[in-house]
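> This is the structure, below, for whatever I ask next.
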Amino acid sequence: MILTVTLNAALDVTYEVPGVDWDGVNRVRSVHRRAGGKGVNVARVLRGLGQEVLVTGLAGGATGRAVEADLEAAGLPGALVRVAGESRTTLVVSGGAEGGTALFNEPGPEVTAAELREFVRVYEGLLARADAVVVSGSLPRGVPADTYAHLAALAAERRVPAIVDADGEPLLHAPAGRPAILKPNADELTRAVPHGGPVEGAEHLRSRGAESVVVSLGADGLLAVTPDGTFRARMPYKVEGNPTGAGDSLVAGLALGLVEGTAWPDRLRRAAALGAAAVAAPVAGDFDADVYAHVHPLIDLT
Ligand SMILES: O=P(O)(O)OC[C@H]1O[C@](O)(CO)[C@@H](O)[C@H]1O
């Protein structure tokens, strides 16, 4: 089983629009509402690939109940810890290939120290059943920036490999938890390690404790700096669509490769193809199986 952690679970609302007029009325062509937050999306993709998953994290209020209900409706096993605060909504406004995509991510609830302690207690119990853990997304208010490092360290103590997908301070702290894979995107890496290029940035995070670092480069593919060497996955063409959730789909591919023990080149090829296939799907957490099958063999791995 792969355990995914979403401390800042969300109700993801996606508006598909023909374009946005910031001074006028915008008519929404279609609306999707469902449980989100990065770990939830990772779990959806993994489940779509036939992998057993379990979603944990924090959820509160009416929005938290809606997240729990949607997970249940989707048949995704969940063990969310309830908090008193109200979980957030995230809004994606997607104008398709020409219109671009804008995200509005609310900060999330205020979480107390006691609520976080209760989560860690539940998490430690769930680790006993996990083959790997994915910890991803933003932290809700009140949760210390070194929490992902702590969760990764607890996993490492139990020999459960962890993947951490974080930004800002949580990303800077994460290597101390010795995660198997740290997955920033290029902007996140540049913010965390401003000197040098992506290879130097990844090497810096490895020198601080991360075993491997995989940097997502959007339509340009992936860079991985690992104990087995440095690899680069290049995409054969740009897939048009909604890039929201592409990073989550990519992380799902990495997690599957981790539990299956797949060699790095094949692991990266699958992850990059899943990221591209997610762009072709309208909602985060989905991927287009046809695009996946088409792109996968064409990815150049060096
Ligand atoms: O936790 P954040 O970094 O705010 O990201 C959450 C958001 O990102 C997405 O997972 C897309 O990656 C959305 O589904 C949305 O819930």
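> With all pairs of different alpha carbon atoms counted, what Kirkwood hydrodynamic radius in Å does segment 22-130 show?
Result for segment 22-130 stands at 15.8 Å.
> Before I look further, what does segment 240-302 give for accessible area per residue, probe 1.4 Å, in whole square angstrom?
Accessible area per residue, segment 240-302: 34 Å².
> Quick check of the Kirkwood formula: for segment 97-247, what is the inverse mean of 1/r over all pairs of different Cα atoms, in Å?
One decimal place: 16.5 Å for the Kirkwood radius.
> For His294, His32, give the ranking by accessible area with the largest first, probe 1.4 Å.
Reading off the accessible areas and sorting them downward yields His294, His32.
> Another question about this same structure. Just how much of Lys38 is accessible, in Å², when a 1.4 Å probe is used and the result is rounded to the nearest 10?
80
> Leaving ligands, DNA and RNA out of it, report the carbon-plus-sulfur percent of the accessible area of the chain at a 1.4 Å probe.
It is 51 percent, rounded to a whole number.
> Something else about it: On average, how much accessible surface per residue is there in segment 1-160, in Å², for a 1.4 Å probe, leaving out ligands, DNA and RNA?
I get 44 Å² per residue for this part.
> Determine the order of Arg270, Arg29 by accessible area, beginning with the largest, at a probe radius of 1.4 Å.
Of Arg270, Arg29, the descending order of accessible area is Arg29, Arg270.
> Per-residue ellipticity at 222 nm for the chain, helices alone: DSSP H runs ≥ 4 residues times -39500 (n - 2.57), over residue total, nearest 500 deg cm²/dmol?
Counting only the DSSP helices, I get -11500 deg cm²/dmol.
> Once you charge only the Cβ atoms, +1 for Lys and Arg and -1 for Asp and Glu, what is the size of the charge dipole of the chain about its Cα centre, to the nearest 20 debye?
In debye, rounded to 20, the chain gives about 460.
> Mind running the shape call on segment 236-302? Use the C-alpha gyration tensor, a ≥ b ≥ c as the square roots of the eigenvalues: rounded below 1.5 for a/c, prolate if a/b tops b/c, oblate otherwise.
Verdict is oblate for segment 236-302.
> Count charges around Arg158 for me, please; just the other residues with Cβ under 14 Å from its Cβ, Lys/Arg as +1, Asp/Glu as -1.
0
> While we're on this one: Roughly how many Å² of Phe104 are accessible to a 1.4 Å probe, to the nearest 10?
Here the accessible area works out near 90 Å².
> Which whole-angstrom value gives the distance between the alpha carbon centres of segment 150-193 and segment 226-302?
Segment 150-193 and segment 226-302 have Cα centres spaced 20 Å from each other.
> Could you work out Rg/(2.2 N^0.38 Å) for segment 136-199, with Rg from alpha carbons only?
1.09
> Put +1 on the Cβ of each Lys and Arg and -1 on the Cβ of each Asp and Glu in segment 1-69; which of Val45, Leu11, Trp22 then has its Cα farthest toward the positive end of the dipole?
Value: Val45.
> So, one more: How charged is the neighbourhood of Val53? Take every other residue with its Cβ under 12 Å from the Cβ of Val53, and add Lys/Arg as +1 and Asp/Glu as -1.
+1
> When the Debye formula is applied to the Cα atoms of segment 37-98, each taken as the same point scatterer, what base-10 log of I(q)/I(0) results at q = 0.18, 0.28 Å⁻¹?
For segment 37-98 at q = 0.18, 0.28 Å⁻¹, log10 I(q)/I(0) is -0.69, -1.19.
> Given springs between every Cα pair under 10 Å in a Gaussian network model of the chain, which of Ala132, Ala62, Ala272 has the largest fluctuation?
In the Gaussian network model the winner is Ala62.
> Follow-up question, since we're still on this one. Hey, got the Cα dimensions of segment 1-58 along the principal axes, in Å, largest first?
Principal extents (largest minus smallest coordinate, Cα): 48, 24, 12 Å.
> Nearest 20 debye, what's the magnitude of the dipole of segment 104-243 about its Cα centre given +1 on Lys and Arg Cβ and -1 on Asp and Glu Cβ?
The calculation lands at about 340 debye.
> If you take the square roots of the eigenvalues of the alpha-carbon gyration tensor of the chain and sort them as a ≥ b ≥ c, do you get rounded (a/c under 1.5), prolate (a/b over b/c) or oblate?
Rounded.
> Determine the dipole magnitude for segment 96-137: charges of +1 sit on the beta-carbon of Lys and Arg, -1 on that of Asp and Glu, nothing else is charged, the reference point is the Cα centre, and the result goes in debye to the nearest 20.
Magnitude of the dipole: close to 200 debye.
> May I pose another question? With a 10 Å cut-off between alpha carbons and a GNM built on the chain, which of Ala73, Ala145, Ala153 moves the most?
So, out of Ala73, Ala145, Ala153, the one fluctuating most is Ala73.
The values are calculated or read from the model by the stated rules, or taken from the named source; none is laboratory data. Given the structure is predicted, the values throughout are model-derived calculations rather than measurements. Cβ atoms come from the backbone with ideal geometry, glycine included; neighbour counts cover every protein chain shown. Surface areas here come from the heavy atoms of the whole protein model, side chains and all, with no ligands, DNA or RNA. Shrake-Rupley method; radii C 1.70, N 1.55, O 1.52, S 1.80 Å.
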